[in-house]
Each structure stands twice: as C-alpha cells, then as structure tokens.
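The values are calculated or read from the model by the stated rules, or taken from the named source; none is laboratory data. Since we're looking at a predicted model, the values are computed, not measured. As a convention, Cβ positions derive from the backbone with ideal geometry for all residues, glycine included, and neighbour counts pool all protein chains shown. Surface accessibility is based on the protein's heavy atoms, side chains included, excluding ligands, DNA and RNA. Shrake-Rupley method; radii C 1.70, N 1.55, O 1.52, S 1.80 Å.
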Amino acid sequence: IAELLRSKRNVTFMTNSLDTAHILSTSENNTLIMTPGIFSEKLRGFAGQMTTDFMSRFNVDIIFLGAQGIDIGGGLSSPYHIDAETKRILIKRTKKVIVASDHSKFGKIFFETIAMLNEIDLIVTDTGIQADILKAIENHSANIIAV
C-alpha cells in the first residue's frame with residue numbers, strides 16, 4: 001500500500017511502521033509524520049502509550065491497517081496487546097477505516113480484539129479467500145473486496 005501511495009501528491013502520511021516510513025520517505029511533495037513510541041521488532045513499528053498519546057491528537061481521513069485475525073464474531077484481533085491498543089485509538093480518530101489482510105488471516109481470533117467488523121469501512125484481501133468466507137462477511141454487512 002505504501003508503494004502505491006508514494007506517488008500521491010500533497011498528502012500528509014502518518015505511520016508507526018518503520019518499513020512504511022522508509023518507503024514513504026522518498027515521496028515528493030508530501031509530509032511524513034513518524035509516531036514516537038517503543039519499537040517492537042515483531043510489529044516492525046512503534047507502539048505503546050507514547051504512540052497512542054501522540055496519535056490521539058490528530059483527526060485522520062483514512063487509515064490502512066492490518067490484523068492477524070479477522071472473524072465474523074470476533075472481529076479484528078491481534079496476539080499483541082500493544083498492537084491492538086494502538087489500532088483501537090487510530091480507529092476512533094479516523095473517518096474511514098480500510099483493513100488490508102491476506103486470506104490466511106480469516107477465521108482466526110487472537111488474544112485481543114481491535115474492532116468489530118461493523119467498525120470497518122472496507123476490507124481488502126487477495127483472491128485466495130474461500131468463497132464461503134467472503135460471502136459470510138458480505139452477509140454480515142461488511143464491505144469486502146478480493147483483488
């Protein structure tokens with residue numbers, strides 16, 4: 001996603017991801033804001049109280065985020081408390097929430113809930129998703145596309 005967004009102009013990007021920041025750092029005519037926090041090697045980004053305090057100051061138009069688990073009943077989830085907390089704060093401060101996750105994340109529930117599916121505006125996944133899972137999510141009033 002960062003590679004695709006890099007060509008946009010006059011956009012302010014904010015990220016807690018070290019990898020995303022590296023990609024967007026070469027974007028011209030844009031502003032890149034890197035969040036503070038404690039670096040997590042597992043997440044390849046910054047999280048924690050400093051991160052959530054910083055992010056809660058902003059009103060965000062669109063957020064792109066991932067989740068380790070996506071389930072109709074369990075919503076989006078993460079095995080990492082610090083990741084879930086950071087994403088919950090971002091979702092509260094954002095007008096449009098887009099989740100990008102590959103098909104292997106569906107039907108999985110991890111330790112901590114990030115958000116329920118009705119809090120998500122769009123889910124984007126790959127064509128490897130099983131047709132019955134795709135249909136069930138569509139029937140659950142969640143917008144989902146497979147590309």
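Would you confirm, using the coordinates I've provided, whether Ile72 is in contact (Cβ under 8 Å) with a residue 40 or more places away in the chain, in contact with a His (Cβ under 7 Å, 6 or more places away or on another chain), on the phi < 0 side of the Ramachandran plot and surrounded by 13 or more Cβ atoms within 10 Å (Cβ to Cβ)?
Working: in contact (Cβ under 8 Å) with a residue 40 or more places away in the chain: yes; in contact with a His (Cβ under 7 Å, 6 or more places away or on another chain): yes; on the phi < 0 side of the Ramachandran plot: yes; surrounded by 13 or more Cβ atoms within 10 Å (Cβ to Cβ): yes.
Taking the combined requirement at face value, the residue satisfies it.
Is it true that some residue in segment 14-30 is buried (at least 18 other Cβ atoms within 10 Å of the Cβ) and in contact with a Leu (Cβ under 6 Å, 6 or more places away or on another chain)?
yes
Just the residues that are open to solvent by less than 60 Å² (accessible area, probe 1.4 Å) and in a loop (DSSP other than H, G, I, E, B), please, taken from segment 46-62.
If the condition is that a residue be open to solvent by less than 60 Å² (accessible area, probe 1.4 Å) and in a loop (DSSP other than H, G, I, E, B), then Gly48, Ser56, Phe58 are the ones that fit.
Does Val97 count as more than 10 Å from Glu112 (Cβ to Cβ), free of Cβ contacts under 8 Å to residues at least 40 places away in the same chain, under 14 Å from the mean Cα position of the chain (by Cα) and surrounded by 13 or more Cβ atoms within 10 Å (Cβ to Cβ)?
Numbers: more than 10 Å from Glu112 (Cβ to Cβ): yes; free of Cβ contacts under 8 Å to residues at least 40 places away in the same chain: yes; under 14 Å from the mean Cα position of the chain (by Cα): yes; surrounded by 13 or more Cβ atoms within 10 Å (Cβ to Cβ): yes.
The answer is yes for Val97.
If you take the residues of segment 75-94 that are hydroxyl-bearing (Ser, Thr, Tyr) and open to solvent by 10 Å² or more (accessible area, probe 1.4 Å), which of them is farthest from Glu112 (Cα to Cα)?
Filtering segment 75-94 for residues that are hydroxyl-bearing (Ser, Thr, Tyr) and open to solvent by 10 Å² or more (accessible area, probe 1.4 Å), the one farthest from Glu112 (Cα to Cα) comes out as Thr94.
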